[in-house]
1. When Lys and Arg each count +1 and Asp and Glu each count -1, what net charge do the other residues less than 9 Å away from K239, Cβ to Cβ, add up to?
2. Could you state the accessible area per residue of the chain in Å², with a 1.4 Å probe and every protein chain left in place?
3. Mind giving me the FRET efficiency for L258 and A233? R0 is 45 Å, r the Cβ-Cβ distance, nearest 0.05 is fine.
4. Over segment 121-267, what portion of Cα pair distances is larger than 26 Å, expressed as a whole percent?
5. Expressed as a whole number of Å, what is the distance separating the alpha-carbon centroids of segment 232-261 and segment 26-85?
6. Mind giving me the FRET efficiency for V285 and D306? R0 is 30 Å, r the Cβ-Cβ distance, nearest 0.05 is fine.
7. Please give me the summed charge of the neighbours of S142: other residues whose Cβ is under 14 Å from its Cβ, Lys and Arg +1, Asp and Glu -1.
8. If you line up the Cα atoms of the chain on their principal axes, what length do they span on each, largest first, in Å?
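The values are calculated or read from the model by the stated rules, or taken from the named source; none is laboratory data. The model shown is predicted, which means the values in this text are computed figures rather than measured ones. Cβ atoms come from the backbone with ideal geometry, glycine included; neighbour counts cover every protein chain shown. Ligands, DNA and RNA are excluded from the accessible area calculation, which covers all protein heavy atoms including side chains. Shrake-Rupley method; radii C 1.70, N 1.55, O 1.52, S 1.80 Å.
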Amino acid sequence: CTSSSGTGFDHSAHVFVGGQQSNEYDAQIAYARPSVHYFKPLWESVVGKTAEGASTPGGEWIVVHGENFGTVSDNAIDSITYGPNGVEFHPCLNNKQHPDSCECRLMVDHEQIRCNTTEGSGKMHRWIIKIDGQNSTVSTTSYDRPTIESITGPGAIDASCDGGQEITITGKNFGPGQKYLGDVTYGPSGTEYVADNCQYVSHFEITCETAKGLGKELSWLVSVDGQLSDLSATTTNYKTPVISKVYVETGKTAGGSLHRINGTDFGVKVPNSYIEVLFDGVPIVLDGVSSTKATQGSYLSGREPDGVDFIEFTLPPLT
């Protein structure tokens, strides 16, 4: 005999001869398991779209190409899930019990199933397609990486060096919830500072608080479920230091006189920072060794009770 179209396993057999039916024989006939070969997703089909994966809010179609899916008329799909372990996201959790909630259906006999993605995040998601009790072989897809489009809020422009100011990051593909949000960092290379108290708002928005810091033209990075964004085109900056008073205003060329500079935003509370004092744009040697960086202990810095920052240093020999 030649097998007919079908799905499943552990099939029994009967023989009909002259109108008589044989006993049921436990033949354990099985069709091959469904196998996934490749995916044709929406984000690769739109002209001009450059997404690397699915949009994290979901709702994008994806066509699963493979074999042994059964026929459109039989619609033998039990369930379709995907995720890091193959079960985290459920476009079709139970087709036979709840067909109205199944976002997947056969499109071409045996070879193509079309699904709508659910909200999610991450990459290298294993797909499990269960057809008539049989799970598919392994294949994977990914969601697109997070993208930063803008950074706004009190901490975005002229932020306090003491940190603690809110910023709002807008973009896309920030994932389906707080547990998927990784570190949010920023700095000259995007990694020097870790933003504090970052909160997931939606697939398109995150809020954070700035860390204690210094500098300008600071780029940002967002990590979601192990996927890292590109450096943001939008940059932020901390306030520029401002000198309000200098005393003593003169000192001997032999050096040794104590001088004090008062002002604001000297970054006195920023860990691992250092101070340069420049005369006419050229750093003076505060420690007798380096002309560009004053070592800790060669000067005194801090903040007065009235909020004024200060630097005290001993003048080196110069004119």
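1. Net of charged neighbours comes to -2.
2. 54
3. Using R0 = 45 Å, I get an efficiency of 0.45.
4. That fraction is 44 percent.
5. 64
6. About 0.45, to the nearest 0.05.
7. Value of the local net charge: -3.
8. In descending order, the Cα extents are 124, 37, 33 Å.
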